[in-house]
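A.B. asks: Just passing along the structure, written as structure tokens.
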Amino acid sequence: MTGLQYFGGSAGGGANDMTAVLEPARAMFRGLIVERIMAFEAYRKLVQHGENPQDEMAKIADIAHKISGVGATLGFFRTGQLAGVLDRAITENLAKCADPEYFRLIVDPMLEALLIEMESLLDD
């Protein structure tokens, strides 16, 4: 077969084969959820009470960016979508996001929505 190769050798059986191929990566993604939640929570506190809130916001955006790209690819569409929104909100307005009031009203609710979504993946 030239061009695109089909999983399982036929166009009809590809979905199940694709799921099997992605399952180890999906399991690894889920395995990192607790670690990422803890990192988000730590950076959140440092944004609110630390000396360099912009640095901590950049770290939140970095994690969100990784989740955004990988999450959607692995079928965690809502998680990927929420992470992407958070990533863009921070990277497009980094200085503004470090302002305590802006963080409380705009960024923190987005982060909280992502955290809730990530926690729901632990229940699956």
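The values are calculated or read from the model by the stated rules, or taken from the named source; none is laboratory data. What you see is a predicted model; the values in this text were computed from it and never measured. Cβ coordinates were reconstructed from backbone atoms using ideal geometry, including for glycine residues, and neighbour counts include every protein chain displayed. Ligands, DNA and RNA are excluded from the accessible area calculation, which covers all protein heavy atoms including side chains. Shrake-Rupley method; radii C 1.70, N 1.55, O 1.52, S 1.80 Å.
A.B. asks: Can you name every residue in region 93-107 that is assigned to a helix (DSSP H, G or I), open to solvent by 30 Å² or more (accessible area, probe 1.4 Å) and within 13 Å of Pro53 (Cα to Cα)?
C.D. replies: Initially, region 93-107 is screened for residues assigned to a helix (DSSP H, G or I), giving 94-97, 100-107.
Checking the rest, the ones that are also open to solvent by 30 Å² or more (accessible area, probe 1.4 Å) come to 94-96, 100-102, 104-106.
Selection gives Leu94, Ala95, Lys96, Pro100, Glu101, Tyr102, Arg104.
A.B. asks: Any residue that is free of Cβ contacts under 8 Å to residues at least 12 places away in the same chain, surrounded by 14 or more Cβ atoms within 10 Å (Cβ to Cβ), more than 10 Å from the chain's Cα centre (by Cα) and in a helix (DSSP H, G or I) - is there at least one of those in region 113-124?
C.D. replies: no
A.B. asks: Can you find even one residue in region 31-48 that is within 15 Å of Leu121 (Cβ to Cβ) and open to solvent by 80 Å² or more (accessible area, probe 1.4 Å)?
C.D. replies: Checked region 31-48: at least one residue is within 15 Å of Leu121 (Cβ to Cβ) and open to solvent by 80 Å² or more (accessible area, probe 1.4 Å).
A.B. asks: Same structure, new question: Looking only at residues in region 60-92 that are in contact (Cβ under 8 Å) with a residue 24 or more places away in the chain and not in a helix (DSSP H, G or I), which one is surrounded by the fewest Cβ atoms within 10 Å (Cβ to Cβ)?
C.D. replies: Applying the filter and picking the extreme gives Gly75.
A.B. asks: Can you find a residue that is modelled with pLDDT under 90 and on the phi < 0 side of the Ramachandran plot anywhere in region 107-120?
C.D. replies: no
A.B. asks: With (1) surrounded by fewer than 18 Cβ atoms within 10 Å (Cβ to Cβ); (2) within 16 Å of the chain's Cα centre (by Cα) as the list, and Ala20 as the residue in question, which single condition is left unmet?
C.D. replies: Unmet for Ala20, out of (1) surrounded by fewer than 18 Cβ atoms within 10 Å (Cβ to Cβ); (2) within 16 Å of the chain's Cα centre (by Cα): (2).
A.B. asks: Let me ask you something else. Can you tell me how many residues within region 14-42 are under 29 Å from Leu111 (Cβ atoms), modelled with pLDDT under 95 and either touching a Gly at 6+ places or on another chain (Cβ under 9 Å) or not aliphatic (A, V, I, L, M) (or both)?
C.D. replies: 7
A.B. asks: For region 43-55, enumerate the residues that are over 16 Å from the mean Cα position of the chain (by Cα) and in a helix (DSSP H, G or I). Reasoning before the result, please.
C.D. replies: Keep residues of region 43-55 that are over 16 Å from the mean Cα position of the chain (by Cα), which gives 45-55.
Scanning region 43-55 gives Lys45, Leu46, Val47, Gln48, His49, Pro53, Gln54, Asp55.
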